[in-house]
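To start, the structure itself, in structure tokens.
The values are calculated or read from the model by the stated rules, or taken from the named source; none is laboratory data. As the structure is a computational prediction, the values presented were derived from the model and not from experiment. Backbone-built Cβ (ideal geometry, glycine too); neighbour counts: all protein chains shown. These accessible areas exclude ligands, DNA and RNA; they are computed on the full protein's heavy atoms, side chains included. Shrake-Rupley method; radii C 1.70, N 1.55, O 1.52, S 1.80 Å.
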Amino acid sequence: MTDATGDSRADWLHLPEVADARRRTTTTLLAAQVLGSLGIGAAPSVGVLLAESVAGSETWAGIARAATTVGAALLALPLASLAARHGRARSLALGWSLAAAGAGLLVLAAVTVSVPLLVLGMLGMGGGAATQLRARFAATDLAEPDRRARSLALVVWVGTLGAVAGPNLGVPGAPVEAWAGLPPLAGAFAIGGVLLAVTAVVVRVGLRPDPLLLAQRHVAAAAVGPRLAPGRAGLSEALGLVRASPPARLALLSLVLAHVSMVSVMTMTPVHLSHQGGTITFIGLTISLHVLGMFAFAPVVGAAADRYGQVPVIIAGQGVLAAAAVVGATGAGSPTVVAVALTLLGLGWSVVTVPASALLSESVPAPARPLVQGLGDTAMNAAAALGAIASGPLMALLGFPMLAALAGLVVVPVLWQLLRRRVAVTG
């Protein structure tokens, strides 16, 4: 028996070797997500402050801040192509290794006060951001169709511990700086680099057998769905599959706009709070609450998506994003209210991203999923990079309240697409 996307529902998912591989994959991904999210967690808070310190100008600081998102956009599709060719383990290990190298470059940037090293380091950290996103799809390779959203959500959720603690690495980083003679803010990235290197080893060793390659063998045996070759031709076909599927188009639009909203506001929040006199501790706590909103409720969101359907949950997510925009725009003068708004923004991102990711995967044939997933992550991060770059000038010109309000407008195209889809179905 196969589903509409050509994915076999039947017996191969229940074979002993597949069940064992599923458990091993889940355990490895959970460990990697905790370590990896902790390693890259300093970028949104400490990294922003480091960018201002090293760059010495708001323009270069804005470029450095956006470089993480740019790096994620540039690396998402190559990592997807590598996964399609050689499996998840090699792809994820490379991504975490690039992030570890990026953390090392950020330490050097702090020591040498070098803007080029700062930008390169943030680009490398973008490899970690792209890899963290890619890992959620690895959880679905061997998942039963009626548990895909929950499997995906579990990997998103387990990163909560690392992602919440990561923005506060500046605190344990201070003793490291004193011991090693490093400048302020460098210690967080020294710790992060070690954690990211360990993460790369964990996924390279732990993902055996490789979940994607194992799934591909069984799907190929069933001879269902087109297999897309990595490269421009495969990317073009992947884009064609998304265009031909209304659910896939909705999922991609939802993913992209939710990510733009989240990244644009999160990028400038530390700067806004710093200008209001916020300490590095309060800024780190605010980012931690935001990340808590992004990840902590993911299992609930995944269970709801599996039970009630992805589209209703995506609609609920638009409401949360709109609420975050209203709170941020009306309460920008209060650091506490800003922290609440950023927490709501993270929650809205989760309520959209978990079901939309599952919907994107389910809306295309199984053999085509790696490149379609890579296309989705590339689009998310490319759009978010533009948002991150534009957020600095927008805040300087219009202020933080207007930036928060503009970020809330992302719900309009999604709701319009949902309305058109409903009319198409019922008309």
Review point. Picking from 323, 368, which residue would you name as being part of a helix (DSSP H, G or I), under 22 Å from residue 252 (Cβ atoms), more than 19 Å from the chain's Cα centre (by Cα) and among the aliphatic types (A, V, I, L, M)?
Key: 368
Revision key, fill the gap. Of the residues in the range 198-214, those that are modelled with pLDDT of 90 or more, open to solvent by 50 Å² or more (accessible area, probe 1.4 Å) and part of a helix (DSSP H, G or I) come to 198, 201, 204, 205
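For every residue, the table says whether it meets (1) open to solvent by less than 30 Å² (accessible area, probe 1.4 Å); (2) out of contact with any helix residue (DSSP H, G or I) (no Cβ under 6 Å at 6 or more places or on another chain); (3) modelled with pLDDT of 85 or more.
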residue: 343; (1), (2), (3): no, no, yes
residue: 350; (1), (2), (3): yes, no, yes
residue: 356; (1), (2), (3): yes, no, yes
residue: 361; (1), (2), (3): yes, no, no
residue: 366; (1), (2), (3): yes, no, no
residue: 386; (1), (2), (3): no, yes, no
residue: 391; (1), (2), (3): yes, no, no
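Quick grid of which residues meet (1) modelled with pLDDT under 85; (2) part of a helix (DSSP H, G or I); (3) touching a Lys or Arg at 6+ places or on another chain (Cβ under 7 Å); (4) surrounded by 17 or more Cβ atoms within 10 Å (Cβ to Cβ):
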site	(1), (2), (3), (4)
152	yes, yes, yes, yes
163	yes, yes, no, yes
172	yes, yes, no, no
187	no, yes, no, yes
216	yes, yes, no, yes
235	yes, yes, no, yes
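Condition check ((1) at pLDDT below 80; (2) open to solvent by 20 Å² or more (accessible area, probe 1.4 Å); (3) not in a helix (DSSP H, G or I)) across all residues:
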site: 33; (1), (2), (3): no, no, no
site: 45; (1), (2), (3): yes, no, no
site: 48; (1), (2), (3): yes, no, no
site: 53; (1), (2), (3): yes, yes, no
site: 60; (1), (2), (3): yes, yes, no
site: 64; (1), (2), (3): yes, no, no
site: 67; (1), (2), (3): no, no, no
site: 71; (1), (2), (3): no, no, no
site: 74; (1), (2), (3): no, yes, no
Revision key, fill the gap. Pairs returned, first residue in the range 328-347 that is under 17 Å from residue 295 (Cβ atoms), second residue that is assigned to a loop (DSSP other than H, G, I, E, B), beta-carbon separation under 8 angstrom, 6 or more apart or interchain, are 347/297
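Where residues in the range 108-150 are part of a helix (DSSP H, G or I) and among the polar types (S, T, N, Q), which of them is least open to solvent (accessible area, probe 1.4 Å)?
So the residue we want is 131.
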Review point. Among 130, 73, 84, which is in contact with a Gly (Cβ under 9 Å, 6 or more places away or on another chain), touching a residue at least 24 places away in the same chain (Cβ under 8 Å), of a type in the set (Gly, Ala, Ser) and farther than 21 Å from residue 212 by Cα?
Key: 73
